[in-house]
1. Look at the range 59-70 and say how many of its residues are in contact (Cβ under 8 Å) with a residue 40 or more places away in the chain and within 21 Å of the chain's Cα centre (by Cα).
2. Can you pull out every residue in the range 7-30 that is within 13 Å of Val139 (Cβ to Cβ) and either in a helix (DSSP H, G or I) or free of Cβ contacts under 8 Å to residues at least 40 places away in the same chain (or both)?
3. Just the residues that are touching a Cys at 6+ places or on another chain (Cβ under 6 Å) and open to solvent by 10 Å² or more (accessible area, probe 1.4 Å), please, taken from the range 1-38.
4. Determine which single condition Glu244 fails, assuming it passes every other condition in (1) over 28 Å from Glu359 (Cβ atoms); (2) acidic (Asp, Glu); (3) open to solvent by 40 Å² or more (accessible area, probe 1.4 Å).
5. Looking only at residues that are among the small types (Gly, Ala, Ser) and within 22 Å of the chain's Cα centre (by Cα) in the range 134-167, which one is surrounded by the fewest Cβ atoms within 10 Å (Cβ to Cβ)?
6. Counting residues that are in contact with a Gly (Cβ under 7 Å, 6 or more places away or on another chain), which helices (runs of 4 or more DSSP H) fully inside the range 324-420 reach at least 2?
7. Can you name every residue in the range 271-285 that is assigned to a loop (DSSP other than H, G, I, E, B) and either touching a residue at least 60 places away in the same chain (Cβ under 8 Å) or not hydrophobic (A, V, I, L, M, F, W, C) (or both)?
8. Among the numbered criteria (1) within 30 Å of Ala401 (Cβ to Cβ); (2) modelled with pLDDT of 95 or more; (3) in contact with a strand residue (DSSP E or B) (Cβ under 7 Å, 6 or more places away or on another chain); (4) outside any loop (DSSP other than H, G, I, E, B), which one does Leu204 miss?
Amino acid sequence: MATYGVVGGTLWGNRGAEAMVVTTIGEVRQRDPGARFLLLSYLPAADRALLRDDGVVVVDATPGRALLVHVPFALVCWLFRRVGLRWPDTLLPASVRRLRRARALFDVSGISFHDGRLAVVAYNVVCVWPALLLGVPVVRLSQAMGPFQQPLNRIPARWITRASHHSFARGRRTAAYVQELGVPADSWSVAADVAFAYRDGYSLTDEHAQAVEEIADAIDALRRDGRGVAALVPSSLVLQKMAESGQDYVEILAEVVAHLQSRGLAVVVLPNATRSGADSLRNNDIAVVERLRERLRASAIEDSASQVTFVDFDLNTAGIRRLLAGCELLVTSRFHAMVAGLALGVPTVVMGWSHKYEEVLEMFGCAEHAIDIASGGEGLLTMIDRLLEDGGEIRTRISAALPEVVASSRAQFEVVARLP
């Protein structure tokens, strides 16, 4: 019975990461039905509390634990291997011992080795270095990478890409950046985002299912009455990025709500990163949902907040997709909310900060639906109107491209059959 590791994502917190984690486990099980899994999590306590699958073990892989425990012990094992010896399993921490026995480690980092995220590059390395030291094949599943202009990013990116069993670039722009690294052509290829392969039944958690169904039923009732529904999925990360440049992200969201209502649409605001009860903005869009609700209540638009459905609780990928499925438009700043919308055939406009959005949207002929936050939201309302007016044609375009995108996503898991 083979064991596989999964690193770079969690169940709680960023639900895009959760989508990649559960899809990876589900897709590997399609090819190796008896497989068991180690989830190397940076939120181990929360993930253990949520997990509902005996075939998955959550391992503490917080940055400190990985750096101070996993790397040193893996380095000792590597040094012994260099002289033809094997460090005894009994002298290893349980987490390192389990990883050493894994058939492969799947890295589901959504974005890695990016010049604009130099502070995270060390973590990108620490995620996979212990496995490389232990001789465990590393498969870096579809992710955005680059640019690589900064030496502190380019050098480790080239090293990890060369050392990994295989790396998958998430789109055309990432592929162009990886080509610039000068790594062997057979060490990487292009594949659509992992979450496009998500299927019902892959979930490993059960979170507020009844509350989700109640909101979904309300959306369905509105549609039966002939009223359209739009989803708005904000991002705590974009909130912080825009605040750094003096831009008011919440005000832009309030303008979006008012505009959608002026078009006769009901609006549901939901998070794609949820850490209910946490004060931090990190991976916690619930805080943005609450700020938007307060802004609308304080606005001159009478009763605007009361006409909006706000989802302010933890929900998983299954719940997010259940709600988006009933919407005719999605406006988001979260990458994997975009993926979910496209996977459901929903016309989607994104206000984001990286090439990672555009390179996926262009797979559907919708690259122009990505708006950079540097614009301060300029053109966003015009784009919303365009998607509403051309919604039928855009849905047809998305539906036509979707089978090939899903096939590309699932194809990367064929690597399981090629593992040593």
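1. Within the range 59-70, the subset in contact (Cβ under 8 Å) with a residue 40 or more places away in the chain is 59, 61, 63, 66-67, 70.
Pick out the ones that are also within 21 Å of the chain's Cα centre (by Cα) and you get 59, 61, 63.
Here the count works out to 3.
2. Step one: of the range 7-30, the residues within 13 Å of Val139 (Cβ to Cβ) are 7-8, 20, 24, 27-28.
The answer is Met20, Thr24, Glu27, Val28.
3. Just the residues of the range 1-38 that are touching a Cys at 6+ places or on another chain (Cβ under 6 Å), to begin with: 7-8.
Hit for the range 1-38 is Gly8, nothing else.
4. For Glu244, the failing item is (1).
5. Step one: filter the range 134-167 for residues among the small types (Gly, Ala, Ser), giving 135, 142, 144, 146, 157, 163-164, 167.
Right, trim to within 22 Å of the chain's Cα centre (by Cα) and you get 142, 144, 146, 157, 164, 167.
Values: Ser142: 26, Ala144: 24, Gly146: 24, Ala157: 27, Ser164: 20, Ser167: 28.
Step by step, filter the range 134-167, then rank; the result is Ser164.
6. Details: elements: 335-343, 355-361, 380-389, 391-411.
Correct list: 335-343, 355-361, 391-411.
7. Pro271, Asn272, Arg275, Ser276, Gly277, Asp279, Ser280, Arg282, Asn283, Asn284, Asp285
8. (4)
The values are calculated or read from the model by the stated rules, or taken from the named source; none is laboratory data. Values in this document were obtained by computation on a predicted structure and should not be read as measured data. Neighbour counts run over all protein chains shown; Cβ positions are idealised from the backbone, glycine included. All accessible areas refer to the heavy atoms of the entire protein, side chains included, with ligands and DNA or RNA removed. Shrake-Rupley method; radii C 1.70, N 1.55, O 1.52, S 1.80 Å.
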